Each structure stands twice: as C-alpha cells, then as structure tokens.
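Visitor: Have a look at the structure that comes next, please.
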Amino acid sequence: MRHAQFIEVTADAASAFAALLDSADLATPVPSCPGWSLAELTEHLGGVHRWARAQLLGGGQQVERLTPKAPLDDRDALVAWFREGAAELVATLRELPEDAPCWALYPPARASTWARRQALETTLHLWDATDSLGITAPIPATIAAAGVAEVAHDMYPRQVSLGRMPSLDERVDLELRDLGTSAPLPVRLGPIGEVVAGESRPTETTTPADATLELSAEDALLLLWKRRELTTVDARLTGSAAALERVLAHPLAP
C-alpha cells in the first residue's frame, strides 16, 4: 500500500468509528481491550491520534505523551472531540511530504511511518469497537497484510529492543492466502537479524520454518494482536504446533 492509501484508510476508519459512537452505549465493555469501555477506547484512540500528530510536528524530537482531556460523560462532546483529533491528524498527514523527518516508533523516522501506523491503529480499534457491539466488520486483506508485516518486521524487533521479550529462537511462517497472488504470501517471525526489516518474503537461503500457518491476512493480524485464539481461526498448520504456540505466546506487539 502507498502513503496516500494509508492516509485514506485512517480517515475512513476514524469516520466509521465516530459513526458508531453516535448511537452505541458508551459503557459497553470492549472484550479485546480488557478493562476498557467503548468510551475509554475512544479516549485512547483520540489520544493516540493527537500524540501521533505531535510527533509529526515535533521537528524530529520525540514529544511527550500528554493525557488528553476527553469528555467521557457527554456523548456529543466526546464524538466531537474524537472527530477533531482524527481530522487534524489526517490533515497534517496530507500536508506533509511522506519523507518529512520526524520521530517515529520505529524506522524510518519520517511521516510515511506514521501514516501506516495510524491506519493500522485506527483499523484495529475500529475492529475492537465493532466486535464489542456484535457487528461483523471485516478488515480488508491489504491493510491486514500490512499490519502482519508491521508486527513481524517493526513491532516485534521493537519489543525485543525494549526488553519486553527475548529474540525468538524458532521460526514461524505466516502464509497469507487471500491477497490475490498465485501463491500465499509468507511473512516470517524468527530470530532477530535473519529477516530484513520491510522484507516479508523469506529468501531462498533462509532456514526452513519450524512451523508454517496458512490463513487469511485478517486472522493472522488478529492472532498477532491477541484478538483471536489459534483454535478460533480457519488455518492450516504444517510443522510443529508446539513451536507455533510458543511463538504466538510472546508479546510480539505492545
């Protein structure tokens, strides 16, 4: 996906999220975000949008995350607050060149990284919201595949660098089967240093996987972000089930 496409995904997902807030019970628990209500999920996502925009405008320096003041007890005010933050983020992303330098969670430190990160953040939390309300809202395969690649090549290495988990010893290939390609697209999770960031397809010299799981991009994304259990997805496993379970048990994403 291209930079401009990620921006439009963010805009569309934020608009859909805000539309849910117009009529949903804001006290509804969000099972995929334990301990949060729909209102608190809104506060989180609206705060992330404002924080991401601050990084884009921070001149290359990390800007401290400030707790946003979200009007949780006033539906109309909360919806307006959320829409305002999303609109400002999208407008800033559209105004800046995609290679504009800024601090980012992971390389490259430029605006395009935030365009992708916020598209994925907003899409996943839209899924959280719809799931809490019992609404079926599939994640498009292209954005889900981008999210799987982000976990494998950006989030997981970041978790290791921050000391939140060790580097993996085993290798798992996730083969995404719904991308319109002649063969499933593999994305590898394995020892740090064996897979180049941004490269999803293992090379011919890559060590064979301990386990290969063929499944949809959406199911893969939800598995990696702990929104789904392995037993609840339509997948075909080749290799070691134990190795797969050990890899998926790690905090691969924050």
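Visitor: Report, by residue number, each residue of region 215-254 that is open to solvent by 30 Å² or more (accessible area, probe 1.4 Å), more than 20 Å from residue 129 (Cβ to Cβ), in contact (Cβ under 8 Å) with a residue 60 or more places away in the chain and under 20 Å from the mean Cα position of the chain (by Cα).
Guide: Of everything in region 215-254, those that are open to solvent by 30 Å² or more (accessible area, probe 1.4 Å), more than 20 Å from residue 129 (Cβ to Cβ), in contact (Cβ under 8 Å) with a residue 60 or more places away in the chain and under 20 Å from the mean Cα position of the chain (by Cα) turn out to be 250, 251.
Visitor: Sticking with this one: If residue 113 passes every condition in (1) in contact (Cβ under 8 Å) with a residue 40 or more places away in the chain; (2) surrounded by 17 or more Cβ atoms within 10 Å (Cβ to Cβ); (3) of a type in the set (Ser, Thr, Tyr) but one, which one does it miss?
Guide: Here residue 113 meets the rest and fails (1).
Visitor: Let me ask something else. Filter region 48-83 for residues that are without any contact (Cβ under 8 Å) to a residue 60 or more places away in the chain and under 17 Å from residue 121 (Cα atoms) and give the result.
Guide: 50, 51, 53, 54, 55, 56, 65
Visitor: Looking for something at pLDDT 95 or above, hydrophobic (A, V, I, L, M, F, W, C) and loosely packed, with under 13 Cβ neighbours inside 10 Å - is there at least one such residue anywhere in region 82-100?
Guide: no
Visitor: Next question, about the same structure. Which residues, counting only those in region 8-37, are within 18 Å of residue 225 (Cβ to Cβ) and surrounded by 17 or more Cβ atoms within 10 Å (Cβ to Cβ)?
Guide: Within region 8-37, 9, 10, 13, 17, 30, 32, 33, 36 qualify.
Visitor: A further question on this structure: Pick out the one residue from 119, 149, 115, 145 that is over 27 Å from residue 63 (Cα atoms), out of contact with any Lys or Arg (no Cβ under 6 Å at 6 or more places or on another chain) and assigned to a helix (DSSP H, G or I).
Guide: Checking each option against the conditions leaves just 145.
Visitor: Before we move on, is residue 180 in contact with a His (Cβ under 7 Å, 6 or more places away or on another chain), assigned to a loop (DSSP other than H, G, I, E, B), farther than 26 Å from residue 46 by Cα and at pLDDT below 95?
Guide: It is false that residue 180 is in contact with a His (Cβ under 7 Å, 6 or more places away or on another chain), assigned to a loop (DSSP other than H, G, I, E, B), farther than 26 Å from residue 46 by Cα and at pLDDT below 95.
The values are calculated or read from the model by the stated rules, or taken from the named source; none is laboratory data. Every value quoted in this text rests on a predicted model; they were computed, and no experiment measured them. All Cβ positions, glycine included, derive from the backbone under ideal geometry; neighbour counts span all protein chains shown. Areas reflect the complete protein model, heavy atoms only, side chains present, ligands, DNA and RNA absent. Shrake-Rupley method; radii C 1.70, N 1.55, O 1.52, S 1.80 Å.
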